[in-house]
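Here is the structure we will look at, set down as structure tokens.
Bear in mind these aren't lab numbers, they're just calculated from the coordinates by the rules spelled out. Owing to the predicted nature of the structure, the values given are computational and were not obtained by experimental measurement. Cβ: placed from backbone, ideal geometry, glycine included. Neighbour counts: every protein chain shown.
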Amino acid sequence: MASTESRSITEEERAKLIQAAFEAREHSYSPYSKFRVGAALLSSEGKIIKGANIENASYGGTICAERTALVKAASEGIRTFCALAVTTDVAASISPCGMCRQFMREFCQLSMPVLLVPADYNAQHPDGVDGKGSIQNITMGELLPFSFGPEDLERSRE
């Protein structure tokens, strides 16, 4: 269940999180789509958990990078997060798929920042150059408006 606690992330944490997403992308197993994705979660305790997309010949068995990171974290007892960074090989910000958005909603606050990092991001120019390489910084709530979350199961029914 998504925590109600919140904390902002430091510039140093942000930089490490972005770097971890790029590192995670290198471990993608995507022989079918050739679409590599890396994700990195920052836990409330400051730990970074990485995930990459892992494809399967049956296609339905494929798991996205965001869900890989969340499953790794949750299975180790880490269930509160401060931020998520996602990157691909595309020189534009790519958003998590719908299934990942709903999965993220289970564990992430609506106010949690989600950093959509383009492949051409350059840490030396974090705001981009000539309109290229800039990170799209949104919240979980902006990513999945009018969402259904664990707290909705607690609502009274008629």
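Scan around Ser44 for amide H atoms under 5 Å from its own, H built in the peptide plane at 1.01 Å from N, and keep only partners 5 or more places away or cross-chain.
Those qualifying (amide H under 5 Å, at least 5 residues apart or on another chain) are Thr80, Phe81, Cys82.
List the GluC sites (Glu not before Pro) within segment 1-72 that DSSP assigns to loop and that have no more than 12 neighbouring Cβ atoms inside 10 Å.
On the way: sites: Glu5, Glu11, Glu12, Glu13, Glu23, Glu26, Glu45, Glu55, Glu66; in loops: Glu5, Glu26, Glu45, Glu55.
For GluC sites (Glu not before Pro) across segment 1-72 that sit outside H, G, I, E and B with at most 12 neighbouring Cβ atoms in 10 Å, the list reads Glu5, Glu26, Glu45.
List the aspartates and glutamates whose Cα lies under 20 Å from the Cα of Lys72, skipping any in the same chain that are fewer than 8 positions away.
Glu13, Glu23, Glu26, Glu45, Glu55, Glu106
Label points 7 Å out from Cα along the Cβ direction at Thr10 and Glu142: separation in nm?
A separation of 2.5 nm, rounded to one decimal place.
Helix 11-25 against the longest principal axis of the chain: what's the angle in degrees, Cα atoms only, rounded to the nearest 10?
That works out to roughly 80 degrees.
Output the peptides 89-96, 36-43 sorted from most to least packed, where packing is the average of other Cβ atoms within 10 Å over each peptide's residues.
Values: 89-96: 15.5, 36-43: 25.1.
Output ranking for 89-96, 36-43: 36-43, 89-96.
What percent of all Cα-Cα pairs in segment 31-137 falls into each 10 Å bin, going from 0 up to the bin containing the maximum distance?
15, 45, 31, 8, 0
Count neighbours as other Cβ atoms within 10 Å of each site's Cβ, and list the chymotrypsin sites (Phe, Trp or Tyr not before Pro) in segment 42-124 that are DSSP loop with at most 12 such neighbours.
Numbers: sites: Tyr59, Phe81, Phe103, Phe107, Tyr121; in loops: Tyr59, Tyr121.
Loop-located and lightly packed - Tyr59.
HN-Hα J couplings of segment 88-102 from phi, Karplus 6.51/-1.76/1.60, θ = phi - 60°, integer Hz, Gly and Pro as x?
Each residue's phi maps through the Karplus curve to give 9, 8, 8, 7, 7, 5, 10, 8, x, 5, x, 5, 5, 4, 5 Hz.
Using a cut-off of 10 Å between beta-carbons, work out the net charge of the residues near Lys34 (Lys and Arg +1, Asp and Glu -1, Lys34 not included). Don't jump to the answer; show the numbers that get you there.
Numbers: positive: Arg36; negative: Glu55, Asp89.
Overall, the nearby charge balance is -1.
Taking the Cβ-Cβ separation of Ser111 and Thr62 as r and a Förster radius of 35 Å, what is the calculated FRET efficiency to the nearest 0.05? Mind dumping the intermediate values first?
On the way: r = 30 Å, r/R0 = 0.85.
Once the sixth-power term is evaluated, E becomes 0.75.
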